[in-house]
Amino acid sequence: METKYIPLYRKYRPQTFNDLIGQENIVHALGNAIKLNRIAHAYLLCGPRGTGKTSSARILAKSLNCIEGPTLTPCGKCPACLDIMNSIPVDVIEIDAASNRSVEDTQAIIEKIQYVPVNGKYKIYIIDEVHMLSSTAFNSLLKTLEEPPQNVIFILATTEPHKVLDTIISRCQRFDYRRITTDDIVKRLEYISAQENINITKDALYNIAKNSQGGMRDALSFLDQISVLGANKEITTEDVNELLGKISYEKLYQIADCIINAETSKSIELIDEVYAKGNEPVQLVNNLIQYFRDLMIIKNCSDKELIYSLTLINEINYEKNKALADKFTVSEIIQIIDKLSYYTVQIKDTTNKYLWLELCIIDITNYKNLPSMENLMKRIETLEAQIASGVPVNNKPALALQTDASPVVKRETVIKNEIQNNNSEQEAINLPQKNDLNREILTEKQPEQNPSSVNNRDLHNIWVSVLQSITNNAAKAFYQQKAQPVELSENRILIAFPNEMFVKMAENKTKKQALADAVTSYLGFKNPNIQIITTADIPSDFVPVQTSNPVSLNTSVSEQKENMQDIQKKEEEEYQTYVEDKNNEEKTVEKHIDTSSQAGMVKDLFDGKFIE
């Protein structure tokens with residue numbers, strides 16, 4: 001008769017404390033407790049899944065109930081040990097709190113707790129996932145857990161200790177299990193692979209260990225699942241990626257290389273190829289986030305061993321990925337990860353997931369055109385330096401603002417205060433404030449423009465405003481990245497794209513209607529005639545609108561300097577004329593006040609001198 005197949009995680013479950021991997025501190029503490037015969041009445045084992053909590057509870061039970069016990073090395077041959085190993089113990093009761101969580105279940109435990117053990121010295125209750133017990137079940141267990149019979153021990157295990165009542169935790173000795181390191185998992189997998197004759201590469205074992213998130217049970221389950229592929233060939237890391245549903249590192253490298261080189265078309269072809277193999281859009285974006293996270297670690301760490309342990313990168317592909325990481329700045333990588341995280345949420349919440357995946361790739365392949373905090377700070381610093389030094393900004397001289405010590409401002413303040421303090425019926429005279437005065441000097445008055453006369457406006461500014469009026473976020477992102485306005489008029493709206501692929505995407509009914517609604521909302525054109533073309537089909541007579549005060553490319557440097565000097569001299573003359581006019585107005589106001597107010601009468605009587 002053929003024996004039933006036993007999964008690897010059950011077959012190689014630790015049977016002694018020496019078999020526990022990566023929990024040396026807990027093994028040391030429990031071992032000393034057994035040696036010194038200082039066994040507590042209740043233990044609470046906390047930690048991530050697959051780190052050895054239930055195995056530790058069973059080993060402790062065997063060590064205490066073994067015929068040679070209490071001992072650190074149970075014999076494994078006595079009835080108590082065999083019962084625990086075969087999962088049919090009499091004196092060790094395992095309870096799943098997820099399915100036995102009511103107060104009636106805990107009362108059943110309390111009723112049976114008075115009976116003495118049959119084969120061993122202790123009656124041990126192992127309650128797995130104890131955080132699933134209800135509050136009433138916890139409360140009914142409190143008194144028994146605090147003062148159980150002398151030969152009763154409770155071992156509670158949970159992955160979420162924060163859900164356990166503090167009154168329960170305070171009655172137990174708590175042990176926190178940590179995630180098992182990648183190296184320890186790989187060593188254990190190598191040993192098991194040798195025992196089971198599994199033909200697998202070390203890189204594949206590392207891949208399994210890194211994807212198990214520190215859990216030995218998950219790693220053994222992955223190894224068990226992929227072991228069937230080793231009958232005819234050696235199992236590689238590519239096989240592991242296919243099993244786990246992950247994109248190969250080589251494919252992620254190609255996509256990242258397209259991003260740094262702004263190759264949008266090639267990147268779309270790559271994601272279409274990956275999508276055709278069954279990978280979901282959310283999974284693809286999450287893999288890209290993980291990959292750029294690894295690039296950031298490469299860029300910020302110099303210790304190769306640390307990089308190998310923290311990432312999925314190994315010695316074979318390190319140099320290639322290091323060269324790629326050097327092409328990005330840290331801020332650029334963070335910006336790309338932020339964008340990918342944003343699109344992860346959008347893809348999860350939409351029905352057309354592949355469309356958002358395409359928009360995501362188009363967006364991040366044009367990341368250099370996106371405003372970043374670093375670029376904005378540099379521009380602000382440059383403008384501040386130009387203003388402070390008087391260097392012309394945008395072909396205009398940088399004029400310093402009036403300070404509070406300005407005599408013009410002081411005279412305005414004195415006159416205004418005198419007018420406010422007098423209760424005369426004269427009409428108050430409006431004087432320009434300091435900021436208003438300078439704003440009039442520094443700012444050119446823009447002529448009023450009619451939105452319908454689009455040909456007289458700057459195409460870029462109008463296009464940006466139209467895009468802001470688009471309510472569909474997907475359509476807005478698409479037009480922002482690849483669309484080029486050619487003509488915006490009541491007769492037609494002519495938009496150009498780099499190639500036919502984007503033209504077909506723009507012909508989508510949803511995108512086109514979103515643009516039409518925005519044009520109607522902002523420009524007031526009813527039923528706009530929207531035409532989509534490629535940049536190669538732009539009419540030869542199309543001439544972009546020039547910005548104000550253009551500088552001819554044929555003008556020599558000396559001529560440009562002379563033009564700048566003439567403009568600066570003219571503006572300084574206008575400024576002096578403006579200040580003289582204001583001074584004349586102030587003298588008129590002072591004279592008017594002096595002859596029509598009490599203050600003016602006093603100045604006449606005392607020769608212009610005030611007496612306090």
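Shape class for the range 292-383, computed from the alpha carbon gyration tensor (a ≥ b ≥ c): oblate, with a/c not under 1.5 and a/b at or below b/c. Amide H to amide H, with H built 1.01 Å from N, Ile95 comes under 5 Å of Ile126, Ile127, Asp128, counting only residues 5 or more places away or on other chains.
Ordering of 245-254, 33-42 by packing is 245-254, 33-42, highest average first (other Cβ atoms within 10 Å, averaged per residue). Among Thr264, Thr201, the order of accessible area from largest down is Thr201, Thr264, computed with a 1.4 Å probe on protein heavy atoms.
With both labels modelled 7 Å from their Cα along Cα-to-Cβ, the Ala40 to Gln107 distance reads 3.0 nm. For the range 158-206, the solvent-accessible area works out to 57 Å² per residue, with a probe of 1.4 Å and every protein chain left in place. I'd like the FRET efficiency for Glu146 and Val90, computed as 1/(1 + (r/R0)^6) with the beta carbon distance as r and R0 of 25 Å, rounded to 0.05. That gives a FRET efficiency of 0.45. For q = 0.11, 0.23 Å⁻¹, what log10 I(q)/I(0) does the range 1-114 give under the Debye formula with an equal point scatterer on each alpha carbon and no solvent? Values returned for q = 0.11, 0.23 Å⁻¹ are -0.42, -1.45. Amide H contacts for Gln531 (H built 1.01 Å from N in the peptide plane; partners 5 or more residues away or on another chain; cut-off under 5 Å): Ile493, Leu494, Ile495.
Label-to-label distance for Lys11 and Ala194 is 1.7 nm, based on points extended 7 Å past Cα in the beta-carbon direction.
Packing, as the average of other Cβ atoms within 10 Å across residues, places the peptides 339-347, 77-85 in the order 77-85, 339-347, highest first.
Near Leu8, within a Cβ-to-Cβ distance under 9 Å, what is the net charge of the other residues, with Lys and Arg +1 and Asp and Glu -1? So the environment of Leu8 carries a net charge of 0. In the context of the full set of protein chains, residues of the range 212-286 present 46 Å² of accessible surface per residue (probe radius 1.4 Å, heavy atoms only). Rg/Rh, computed from the Cα trace of the range 40-86 with Rh as the Kirkwood radius, has the value 1.01. Pairwise Cα distances in the range 105-215 exceed 22 Å for 52 percent of all pairs.
With distances taken between every two different alpha-carbon atoms, the range 461-536 has a Kirkwood hydrodynamic radius of 12.1 Å. Among the chymotrypsin sites (Phe, Trp or Tyr not before Pro) in the range 461-545, those placed in a DSSP loop whose Cβ has at most 16 other Cβ atoms within 10 Å are Phe542.
Across the range 60-159, the convex hull enclosing all Cα atoms gives 101 Å³ per residue.
The values are calculated or read from the model by the stated rules, or taken from the named source; none is laboratory data. In this text the structure is predicted, and so the values were computed from the model without any measurement. So basically every Cβ, Gly included, is an ideal-geometry build from the backbone, and we count neighbours across all protein chains shown. Each accessible area value is taken on the protein alone, full model and side chains, heavy atoms only, with ligands, DNA and RNA left out. Shrake-Rupley method; radii C 1.70, N 1.55, O 1.52, S 1.80 Å.
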